[in-house]
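The values are calculated or read from the model by the stated rules, or taken from the named source; none is laboratory data. Just so it is clear, the model here is predicted, and its values are computed rather than measured. Cβ: placed from backbone, ideal geometry, glycine included. Neighbour counts: every protein chain shown.
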Amino acid sequence: MLNKLVIPENTKFEEGSIIIEKDAVIGAGCSLGYGIIGRKIVIGEKTTVEGDLVGDDLRLDAWCDVKGNVVSKGDAYLADFTTIHGKLTVYGDLEIGRNVKIKEGFEAKGLITIQSPLPVLIFLFVYLLELLRLGKLEEAEKLFEEIEEFENPFTVPNDSMLNLEVVKSDKDVEISGSRVLGNVRGKNVCVEGSEVFGSIRGTEILIDGARIHGAIEGTDVYIINGSEVFGHVKADRVHLEEKSTVEGALIGKEGVWIRSDIEISKEDIIKEEIEESVTEEKEEVQKDAQ
């Protein structure tokens, strides 16, 4: 799930918060210069959140640091050494680990349990591996179905950075039907039906029916379906459909191709690295188990 940065449809970047229609899964070691408003919100260990967290259910792994308030309309899980600089409000049950700091107090309507919640991703993989080892395939399938309840979530890979200035990850970046603030930096970048107020830099870049208020720089750049770029485009190879426009300089070191129709899709840019991501996650589980 965390092998690419995904900003799904109808996501809005406001000055202080990212507003998400669905769920949010944030990896470990991330830096978020925003708060998050969504449904289910899961945040990996050692991640910093500069604003408020508001969701239907919340889970914060160990050493998370939230600068604002935290509000859960359902249950909340806070792992060891989590710090909340504002107030915690939980309308359901609260499960809390050791050495959790809540600087402006908390209110919980349901049951309060003090223990050490296991990090979410580690728990899922350990449990899944145990089910497969015992040959309980039906239960494993049910677990996958539960995981799939995170329907098209807002996803941020480990060690990524999001703030007013930059949206940065060393993984691929996929933006669909959203309004995004900040300069986008990723491995390969696909922007569909969105408006980005900032530049874009990556290796392979697809701009599909989008408006970009900044420069685009990459190796291979495709601009299609009436896209508008308010800045220069610089790449080794630039492919531009006739109905799309670029207001700045158009620079292709090896060439610029302008065609009436360019056949390219998101899948050609954002490669699904399933085997690689599964291997990496297994290695992380093994390290934590040692």
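With respect to the stated conditions, GLY255 fails to be under 26 Å from LEU181 (Cβ atoms) and out of contact with any helix residue (DSSP H, G or I) (no Cβ under 9 Å at 6 or more places or on another chain).
Considering only strands (runs of 3 or more DSSP E) fully contained in the stretch 78-181, which possess at least 1 residues that are touching a Ser or Thr at 6+ places or on another chain (Cβ under 8 Å), under 30 Å from ASP268 (Cβ atoms) and modelled with pLDDT of 90 or more?
Values: elements: 88-90, 94-96, 106-108, 112-114, 154-156, 166-168, 172-176, 179-181.
Filter on the stretch 78-181 gives 154-156, 166-168, 172-176, 179-181.
Across the stretch 219-238, a minimum of one residue is classified as outside any loop (DSSP other than H, G, I, E, B) and either of a type in the set (Phe, Trp, Tyr) or in contact (Cβ under 8 Å) with a residue 60 or more places away in the chain (or both). Taken over the stretch 209-242, the residue count meeting the criterion of being more than 12 Å from CYS190 (Cα to Cα) and among the hydroxyl-bearing types (Ser, Thr, Tyr) is 2.
Mind telling me which of the residues VAL6, VAL90, VAL71 ends up being among the hydrophobic types (A, V, I, L, M, F, W, C), buried (at least 19 other Cβ atoms within 10 Å of the Cβ) and within 20 Å of VAL184 (Cα to Cα)? Talk me through it step by step, then tell me what you get.
Numbers: VAL90 fails: within 20 Å of VAL184 (Cα to Cα); VAL71 fails: within 20 Å of VAL184 (Cα to Cα).
Going through VAL6, VAL90, VAL71 in turn, just one is among the hydrophobic types (A, V, I, L, M, F, W, C), buried (at least 19 other Cβ atoms within 10 Å of the Cβ) and within 20 Å of VAL184 (Cα to Cα): VAL6.
Please enumerate the residues belonging to the stretch 51-77 that are assigned to a loop (DSSP other than H, G, I, E, B) and either hydrophobic (A, V, I, L, M, F, W, C) or in contact with a Leu (Cβ under 6 Å, 6 or more places away or on another chain) (or both).
Residues of the stretch 51-77 that are assigned to a loop (DSSP other than H, G, I, E, B), as a first pass: 51-52, 56, 61-64, 67-69, 73-75.
Those that are assigned to a loop (DSSP other than H, G, I, E, B) and either hydrophobic (A, V, I, L, M, F, W, C) or in contact with a Leu (Cβ under 6 Å, 6 or more places away or on another chain) (or both): ALA62, TRP63, CYS64.
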